[in-house]
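The values are calculated or read from the model by the stated rules, or taken from the named source; none is laboratory data. Just so it is clear, the model here is predicted, and its values are computed rather than measured. Here Cβ is always computed from backbone atoms with ideal geometry, including for glycine, and neighbour counts include all displayed protein chains. With ligands, DNA and RNA removed, areas are computed over all heavy atoms of the protein, side chains included. Shrake-Rupley method; radii C 1.70, N 1.55, O 1.52, S 1.80 Å.
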Amino acid sequence: MKAGLSILDHIGRTPMVPLGRVAVGLAAPVLAKCEHLNPGGSVKDRIALAIVNDAEERGLLAPAATLIEATAGNTGVGLALVAAIRGYSLVCVMPEKMSHDKRAALTALGARIVITPNAPPQDPNNFQNVARRLAGQNGWFLTDQFANPANVRVHQQTTGPEILEQSGGRVGAFVAGVGTGGTITGVGRYLKARLPRVRIVLADPVGSRLAHLVSPGQPDLDAAYQVEGIGGSIAPAIFDVTVVDAVERVTDEESFAMTKRLLREEGLLVGGTSGTAMVAALRVSRRTDLDGPVVVLLADSWDRYYSQPWMRDLTSSES
């Protein structure tokens, strides 16, 4: 083992596995990119490390600086790992919708948590606006995942190449949800530059407006939904909507039912957004014109949702 390695050196290079029982009988095979197996339990580990590395390289971070981020929880956990290794402090601003499990995990990792109302983007109390305001008032470094180009870049440089290599150079479609848009933008750009026929598909929860913003023929619906960390009222700054070829809208009920199947039929210990993405991927895999397998991104682990009603339903004796 090389001297000097830390847990941060084990971010990325996650496995990609074929789906068996859930995807049986479909026209195209389905491969799951298991980002929930990153050290911090989500795909956001990649951007947390990339954003801090970029800031350090540009001389923007003083020793023992305080980082602040508006997060649904996963980017916060990734940043907490980086902060622990690099000696920074961390403040996480979260909407009240997010699970108590995420709050507990971040607190255990030493982060300070600020909870905001579930306010729309234009409201001063929206979590992104609060994080931006606190950063300015206190001189903290805003990691700014929703607008930071390092987010897209790390997926273009790592996640995309991993997928192409692990799929043997053939991908018919790539399916993912959008939180910041960094994953689908970076992976989509990488794959499209090498596979002209690949389809990039957005999996969006019913209630999110992103489906309409990408494909105006979709309903313009802005309503509450239970799935955490994806969707939204406006397109994030780094989300390149032109990279997306198609949209699949998925209800909470479909998402959580599929998450249960992934847990019990595939042994994939994932959260609700993975159910959203998988429902969309199975629809896409029924197409007969794909030039390769459907790759679906499983964004995070189940352990940050134990307290949520949908997870409690899965653990009841009658489920």
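Label GLU56 and ARG197 with points 7 Å out from Cα along Cα→Cβ: what is the distance between them in nm?
4.4
Put a dot 7 Å past each Cα toward the Cβ at ASP291 and THR242; how far apart are the dots in nm?
Calculated label separation equals 2.1 nm.
At 1.4 Å probe size, with no ligands or nucleic acids counted, give the accessible surface of LEU269 in Å², nearest ten.
Accessible area of LEU269: about 70 Å².
Which of the trypsin sites (Lys or Arg not before Pro) found in the stretch 202-300 are loop residues per DSSP with 13 or fewer other Cβ atoms within 10 Å of their Cβ?
Here the trypsin sites (Lys or Arg not before Pro) that fit, given the DSSP loop and packing criteria, are ARG286.
Measuring with a 1.4 Å probe in the full set of protein chains, what accessible area per residue, in whole Å², belongs to the stretch 190-287?
40
When only C-alpha pairs under 8 Å and at least 6 residues apart count, what is the relative contact order of the chain, in percent?
Taking the mean separation of contacting Cα pairs over the length of the chain, I get 21 percent.
Tabulate in residue order the Karplus-calculated ³J(HN,Hα) for the stretch 192-209, using 6.51 cos²θ - 1.76 cosθ + 1.60 with θ = phi - 60°, rounded to whole Hz; enter x for Gly and Pro.
Residue by residue, the stretch 192-209 yields 5, 5, 10, 10, x, 9, 5, 10, 9, 10, 8, 9, 10, x, 4, x, 7, 8 Hz.
Under 5 Å between amide H atoms, partner at least 5 residues away or on a different chain: which partners does ILE200 have, H built in plane at 1.01 Å?
The list, which skips near neighbours in sequence, is PHE174, ASP245, ALA246.
Quick one: compute the contact order of the stretch 169-250, relative version, from alpha carbon pairs under 8 angstrom and 6+ residues apart, as a percent.
39
Report the FRET efficiency, 1/(1 + (r/R0)^6), for SER89 and GLN122, where r is their Cβ-Cβ distance and R0 is 30 Å, rounded to 0.05.
0.50
Give the cross-link partners of LYS97 among the aspartates and glutamates, using a straight C-alpha distance below 13 Å as the criterion and excluding same-chain residues fewer than 8 apart.
Here the aspartates and glutamates satisfying the reach criterion relative to LYS97 are GLU228.
In sequence order, what are the phi-derived ³J(HN,Hα) couplings for the stretch 291-304 according to the Karplus relation 6.51 cos²θ - 1.76 cosθ + 1.60 with θ = phi - 60°, rounded to whole Hz, with x for glycine and proline?
Using θ = phi - 60°, the values come out as 9, x, x, 8, 9, 10, 8, 9, 7, 8, 8, 5, 5, 9 Hz.
How far apart, in nanometres, would the label points at ASN138 and ILE115 be if each is projected 7 angstrom from Cα along the Cα-to-Cβ direction?
Inter-label distance under the simple model: 1.8 nm.
Consider a paramagnetic label point 7 Å from the Cα of SER215 along Cα→Cβ; state which residues of the stretch 270-292 have an amide N under 20 Å from it.
273-292
Mind listing P(r) for the chain? All alpha-carbon pairs, 20 Å bins, whole percents.
In order of increasing distance, the bins hold 34, 59, 7 percent.
How about LYS33: which lysines have a C-alpha closer than 21 Å to its C-alpha, ignoring those fewer than 8 places off in the same chain?
Reachable lysines: LYS44, LYS192, LYS260.
Return the whole-Å distance between the Cα centroid of the stretch 129-165 and the Cα centroid of the stretch 243-319.
Computed from Cα coordinates, the inter-centre distance equals 25 Å.
So what's the back-of-envelope 222 nm ellipticity for the chain, counting only DSSP H runs of four-plus at -39500 (n - 2.57) apiece and dividing by all residues, rounded to 500?
-10500 deg cm²/dmol
Taking 37 °C and 0.692 mPa s as the conditions, I'd like the Stokes-Einstein D for the stretch 87-242 in µm²/s, using the Kirkwood hydrodynamic radius from alpha carbon pairs.
It comes out at roughly 191 µm²/s.
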